[in-house]
1. Could you please let me know if I18 is more than 22 Å from P129 (Cβ to Cβ) and either modelled with pLDDT of 90 or more or among the hydrophobic types (A, V, I, L, M, F, W, C) (or both)?
2. Report yes if L22 is under 12 Å from the mean Cα position of the chain (by Cα) and under 18 Å from E122 (Cβ atoms), otherwise no.
3. Within the range 200-212, is even one residue within 17 Å of L157 (Cβ to Cβ), in contact (Cβ under 8 Å) with a residue 12 or more places away in the chain, open to solvent by 60 Å² or more (accessible area, probe 1.4 Å) and over 24 Å from the mean Cα position of the chain (by Cα)?
4. Please go through the range 167-197 and give me each residue that is charged (D, E, K, R) and crowded, with 16+ Cβ neighbours inside 10 Å, ordered by number.
5. Would you tally the residues in the range 33-68 being under 10 Å from the mean Cα position of the chain (by Cα), β-branched (V, I, T) and open to solvent by less than 10 Å² (accessible area, probe 1.4 Å)?
6. Among the listed residues T120, T135, which satisfies the condition of being assigned to a helix (DSSP H, G or I), modelled with pLDDT of 85 or more and open to solvent by less than 50 Å² (accessible area, probe 1.4 Å)?
7. For I92, are the conditions met, namely being open to solvent by less than 20 Å² (accessible area, probe 1.4 Å) and in contact with a Lys or Arg (Cβ under 7 Å, 6 or more places away or on another chain)?
Amino acid sequence: MKIRLAIVDDNTFLARAINEKLSPFKDLDIKYTVHNGSEFLAKLEKNHNLDLVLMDIEMPVLNGIETVNIVKQKYPHIKVLMLTVFDNDENIFNAIRGGADGYLLKEIEGDKLHKSIIETMEGGAAMSPSIAVKTLKLLRYPEKQESLRIEEDIVDLSGREQEVLEQLAEGLSYTVIANNLFLSPSTVRKHIENIYKKLQVHNKLEAVQKARRQSLI
């Protein structure tokens, strides 16, 4: 049985490079490449017959850390390998907390990436060496984890605002949210404006990230 893969990366050049690195390995079946978390979730809604996804972090619309949270809640059978150019502590901490099965740097060679995919499918936790070192430090010094959580005033959202925010976090458009909640698009837009004001953020990504940090969604 071939391992069914997807690649989620907004950088077309890097996504193609990953594809080329894995093309020699006949035990892998790369089903598709999409450019952000929202596109990936839409694909999974239609067909979640997938084994593993290689997930970038910094993406528009819905980033990798937000996406891994949703994937692990809805499709826990899918393994998620974060594949990114970033190795900062906060990304590592948030990705692992979100349920990522491994964390690799994009500079990884093709044979090592293939080996990491096999290890992950067998229940391992593949990590680039520099990531493993940082992860050990986070485990050894839990107070550093706490320092990664920005101290923020607790926000009180109304029930309707929370419903809107939950659907926004799913990557749904204003129109779809309006239909789901039996509201007009303008009312949804107003709720979102209020959410942004309460959370003191400027866009959807910041709103979802802050809401997750405060366990609002």
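1. No, not satisfied.
2. So L22 fails the test.
3. no
4. The answer is E170, and nothing else.
5. 3
6. Among T120, T135, only T120 is assigned to a helix (DSSP H, G or I), modelled with pLDDT of 85 or more and open to solvent by less than 50 Å² (accessible area, probe 1.4 Å).
7. Yes, satisfied.
The values are calculated or read from the model by the stated rules, or taken from the named source; none is laboratory data. Since this is a predicted model, take the numbers as computed values, not measurements. Neighbour counts are summed over all protein chains in view; Cβ atoms, including those assigned to glycine, are modelled from backbone coordinates with ideal geometry. All accessible areas refer to the heavy atoms of the entire protein, side chains included, with ligands and DNA or RNA removed. Shrake-Rupley method; radii C 1.70, N 1.55, O 1.52, S 1.80 Å.
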